[in-house]
1. Report THR224's accessible area, 1.4 Å probe, all protein chains in place, as a number in Å² to the nearest 10.
2. Within the range 679-707, list the residues whose amide N lies under 20 Å from a label point set 7 Å along Cα→Cβ of GLU659.
3. Relative to a virtual label point 7 Å from the Cα of ARG63 in the Cα→beta-carbon direction, which members of the range 1-39 show backbone nitrogen distances below 15 Å?
4. Can you give the FRET efficiency to the nearest 0.05 for ALA473 and GLU640, using r as the Cβ-Cβ distance and R₀ = 25 Å?
5. Residues in the range 9-23, backbone N under 18 Å from the label point at LEU44 (7 Å along the Cα-to-beta-carbon vector): list them, ranges by number please.
6. If you project the alpha carbons of the range 288-413 onto the principal axes, what extent comes out on each, in Å, largest first?
7. If I ignore ligands, DNA and RNA and count only protein heavy atoms, how much of CYS440 is accessible to a 1.4 Å probe, in Å² to the nearest 10?
8. Quick one: work out the % antiparallel among DSSP beta bridges in the chain, nearest 5.
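The values are calculated or read from the model by the stated rules, or taken from the named source; none is laboratory data. What you see is a predicted model; the values in this text were computed from it and never measured. Using ideal geometry, Cβ is built from the backbone for each residue, glycine included, and neighbour counts are taken over all protein chains shown. Remember, those area values only see protein heavy atoms, side chains included, never the ligands or the DNA or RNA. Shrake-Rupley method; radii C 1.70, N 1.55, O 1.52, S 1.80 Å.
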Amino acid sequence: MQEHPDSVAVMVGVAVDGPYSYSVPAGMAVTRGAIVAVPLGPRLILGVVWGPPKDKIAHNRLRDIAQVYDVPPLSEELLKLVEWVARYTLAAPGQVLRAVLRSSEALDPPRPVIAYRRTGHEPEKLTPARLRVLDALMDDMAWPRPVLIGATGVSPSVIEGLERAGALEKLEMPPPPVVMPPEPDHAIASLSPEQQGALEQIRALPVDRFGVALLDGVTGGGKTEVFFEAVADSLRAGRQALILLPEIALTNTFIERFTRRFGTRPAEWHSDMTPVQRARVWRGVLEGDVRAVVGARSALFLPFRQLGMLVLDEEHDGAYKQADGVNYHARDMAVVRARLANARVILSSATPSVESRNNANAGRYAHIKLESRFAAAALPDVTAIDMRVDGPDKGEWISPLLAREVFAAMDRGEQALLFLNRRGYAPLTLCRACGHQYQCPNCSAWMVEHRFRGVLMCHHCGHEVRTPKACGACGETDSLVAVGPGIERVAEEAAARFPDARRVILSSDMGSHGQLRERFSEIERGEYDLIIGTQLVSKGHHFEKLSVVGVLDADLGLAHGDPRAAEKTYQILTQVAGRAGRASRHGKAFLQTYHPDHAVMRAMVSGDREGFYAHELAAREAGGLPPFGRLAALIVSANEQAVAMDFAKRLLSAAPMAEGVRLFGPADAPVSMVRGRHRVRLLAQSGKDFDLSGYVRFWLASGEKITGNLRVQVDIDPMSFM
Ligand code: ADP
Ligand code: ZN
């Protein structure tokens, strides 16, 4: 870009194809990456200077940039990331940019802190309240107003009165940093020889250059300690670090561990923050005061300027894929960002994604293994319970063997966990008299009974009705029956079977994040004997007293027509089984299954994770499925099924021919209606080295225009097939 351009291209934060040209008013200096406000139609919106204008429009026909914000420009690396993500996911670049410009408050100058200091002049009238204030300020330091009020308990008017009387002087101080910088040498871990070996392998990746390490270690193997040391290295080298977690709002233990290691809390980034907190973290990251962030996937778009290390904890986790708006996968885009930033990435998991395992096998990622648990802790023994022969009585869900093990754990003074990955009481409500099944009026899905709250609820759109007393179809009373178990129903059975156990039930609909965090702390302190929970309890927690885990329906995830069904089931079973015996106790896990011979169950029981990955990789390769091939889903939706289907058929016939591309569909989606919109799916499959994003872009551009209430959503590398 030339030094003083009279016009520039500005990417605006809205879903348009590319940047627009604006003129630069005299006296305004802009560079690429500068954050600006520009007029668009009747409004002013945020944008970023992208470079020289594309087209030669006469300068006097362009509108002026309204304002340049007084913050450092976004880094070249971040601008490239925006373009990369947009090109790959088929989102508009402005839409991706919006994920970067997430805090408009952050652009305003930080508000100074009002503080007071004594002048030395004594006021004529001295009240007890006034005396308290003057006493507090004896040290002649300036005290921030809220601190002064907090320390003295006076009302603000007392302070203002003293100021008017000339006894106090009001000052404006710069706000304190949002977090203190982490100290890389605060509490260096003493690593086990195996952990030290893993760290050395990470250190062997050249600093200041792009590199990825897959930290592939069993649950409880001490991966966190290892990547903290790698983060410390990066901080020592003067670069910023980002640690992504799948469920940050629920993980206070992680923040505590960080704080113990680095002597100060990390900056956080997730949906539970206030706009002011967000603004301060965002600006701190851009200005470089914030050196380390622990965040959810959206933290990937924070405006780091010296990013040196990215860690994705539980890298296999489905929460890293964003499913609406920009359909990006934070794991893949983290690798892209690291490449652009010449940074290093650590992907950490006890159950790596098949994609990452394949990259490690192929030598693209350093494969770093931790095969034993830290200290004396051992991996749990896994037993499959064949429900066809050893199942419980009809209407019950806990098999006799599992019940005995729960009793035994309690006798030993240890904890047990019953796991079922389904919220609510029962997934289906049915009338015994007429056979009517309760369905959501807006979605092709059953209404799930939530007995604690007394409602039937759709898990797709949130529609709720009070649980009826009589059948809505035939009017018969007391004829409705609950079919199948949800976690609340398991809790009911557990209450009857283990009446003396101190029980806790946990699922994501059972309270606020704060309340759930409190439950986790209570479990850690050993205040419960029996934990009954959904996948919320399977992730990352460290419950020292937990020694028995029972999975009530290990087959639950296998039924879907999803190419990743086996992988996802293996991951969740390993994670939940891995909660057992995390601290020296010998853990046991029990899988209730109707398919004890399934490859997933066999791998779980034998502990043969290498065998599982080999089997799964071979199956993917044979089917040309990811990571050996690429997939892109097109979901066509409309208010009427026929409109969606007809459009999808015409779209299919307009598809350009390309070698190696196979198209499937259109077919009604497995959940064929959501929120009143009918959904039809098309799937494109290609070889690994084919630019499938480019193909789909070309396809949509050559197809007919999308009009009326039709919508086409593109999902590159789909993770969900519903
Ligand atoms: P992972 O993330 O691999 O599941 P963690 O990092 O949570 O495992 O470690 C499991 C437990 O072992 C934690 O309680 C952790 O504090 C402890 N631990 C791991 N490594 C060390 C170490 N080097 N020194 C002290 N404690 C450790
Ligand atoms: Zn619904």
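1. We get 20 Å² for THR224.
2. 685-696, 698-699
3. Only 8-16, 19-25, 36-39 pass the distance filter.
4. 0.50
5. Hits in the range 9-23 for LEU44 at 18 Å: 10-14, 22-23.
6. Cα spread of the range 288-413 along its principal axes, largest to smallest: 60, 40, 35 Å.
7. Estimated to the nearest 10 Å², CYS440 gives 10 Å².
8. 55 percent
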